[in-house]
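Asks: Please find one structure pasted underneath; my questions will follow.
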Amino acid sequence: EGIVTNSSAAQVTISKSVTFSDNNTFPAVTGAIVTIADNLNHSYILSETQPGIYTNSILTGVPGLTYQLTVNTGGVTYTATSVMPIQVPMDTLLTDQIAFGNKTIKIVEPQYSDPAAFANYYWFVETIKQTVNKRIFVWDDNLINGGISNRPLIERDSTINSGDTIQVEMRCIDKNIFRYVRGLEDLQNNASTPANPDTNISGGALGYFSAHTRQVKKVKMQ
């Protein structure tokens, strides 16, 4: 799993897969050679700061540039490419409560103005009282292209209560990452036959490499 953003250190996490019957403890891959290059011929080496975690605090992504990840480990080379989209500003976080099933739940709604000139893909990560919500929120602009969006982040088993501080991270992602994360979302919702999501990594690895913009807002639930 690799990310380059416009506001945080680049990071690549490398681990080994395990069999389906094992617990979800994935052995870290140490000693790999990890580099990220952009299409302006800048190249960055990522250092292993923890077992299996490689970072570079100097690399800050620039919207519009293309980034290529190269990982050499165990005599095998893995590569992936991602284009960092232009950032769509998140204007504010709205709060609301809605009827869901036989109960009322509290929700947040990120509001932003979607550009009409090109396709946009969004991935939202919600944190409730410092705990990341595992629910995946990802969509494109097919329904609202060129308009104001305030699509809610709905979690049927919401744990949001009055007084809670909610953080939302808005990621503008490229089409390949949208396909990957949408595949994960379908699996999470049991909307597809279990299968590995489409990856943008060549060489036979699972996972993804994403160059995306990142912005964070917080709101206190009333």
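Asks: Within the stretch 116-138, is even one residue closer than 19 Å to I177 by Cα, open to solvent by 30 Å² or more (accessible area, probe 1.4 Å), more than 17 Å from the chain's Cα centre (by Cα) and not aromatic (F, W, Y)?
Replies: yes
Asks: Evaluate the stretch 73-86: report whether one residue or more is open to solvent by less than 60 Å² (accessible area, probe 1.4 Å), under 22 Å from V4 (Cβ atoms), touching a Ser or Thr at 6+ places or on another chain (Cβ under 9 Å) and aliphatic (A, V, I, L, M).
Replies: Within the stretch 73-86, one or more residues are open to solvent by less than 60 Å² (accessible area, probe 1.4 Å), under 22 Å from V4 (Cβ atoms), touching a Ser or Thr at 6+ places or on another chain (Cβ under 9 Å) and aliphatic (A, V, I, L, M).
Asks: Right, next: Could you grab me the full set of residues in the stretch 17-59 that are among the β-branched types (V, I, T) and at pLDDT 95 or above? Break it down stepwise before answering.
Replies: The first filter runs over the stretch 17-59 and keeps only residues among the β-branched types (V, I, T), leaving 18-19, 25, 29-30, 33-36, 45, 49, 53, 55, 58.
Once the filter is applied, which keeps residues that are among the β-branched types (V, I, T) and at pLDDT 95 or above, the stretch 17-59 yields V29, T30, I33, V34, T35, I36, I45, T49, I53, T55, I58.
Asks: So which pairs qualify, if the first residue must be in the stretch 38-58 and in contact (Cβ under 8 Å) with a residue 12 or more places away in the chain and buried (at least 17 other Cβ atoms within 10 Å of the Cβ), the second must be outside any loop (DSSP other than H, G, I, E, B) and of a type in the set (K, R), the Cβ gap must be under 8 Å, and the two must be at least 6 apart or on different chains?
Replies: Final answer for the pair search is none.
Asks: Something else about it: Report whether or not I98 is of a type outside the set (S, T, Y) and open to solvent by 80 Å² or more (accessible area, probe 1.4 Å).
Replies: No.
Asks: Now for a different question. Looking at I144, I107, I173, I166, which is the one that is of a type outside the set (G, A, S), open to solvent by less than 40 Å² (accessible area, probe 1.4 Å) and over 27 Å from E1 (Cα atoms)?
Replies: On the way: I144 fails: open to solvent by less than 40 Å² (accessible area, probe 1.4 Å); I173 fails: over 27 Å from E1 (Cα atoms); I166 fails: over 27 Å from E1 (Cα atoms).
From the options I144, I107, I173, I166, the qualifying one is I107.
Asks: Hey, could you check the stretch 1-37 for residues that are touching a residue at least 60 places away in the same chain (Cβ under 8 Å) and open to solvent by less than 60 Å² (accessible area, probe 1.4 Å) and say which is nearest to T73 (Cα to Cα)? Walk me through how you get there before you give the answer.
Replies: Our first condition is that a residue be touching a residue at least 60 places away in the same chain (Cβ under 8 Å); within the stretch 1-37, this holds for 1-8, 12, 17.
Keeping just the survivors that are open to solvent by less than 60 Å² (accessible area, probe 1.4 Å) gives 2-6, 8, 12.
On the way: G2: 15, I3: 18, V4: 20, T5: 24, N6: 27, S8: 25, V12: 13 Å.
Filtering the stretch 1-37 for residues that are touching a residue at least 60 places away in the same chain (Cβ under 8 Å) and open to solvent by less than 60 Å² (accessible area, probe 1.4 Å), the one nearest to T73 (Cα to Cα) comes out as V12.
The values are calculated or read from the model by the stated rules, or taken from the named source; none is laboratory data. What you see is a predicted model; the values in this text were computed from it and never measured. With ideal geometry, Cβ positions are generated from the backbone for all residues, glycine too; neighbour counts draw on all protein chains shown. For the accessible areas, the whole protein counts, side chains as well, though only heavy atoms, and no ligand, DNA or RNA atoms are used. Shrake-Rupley method; radii C 1.70, N 1.55, O 1.52, S 1.80 Å.
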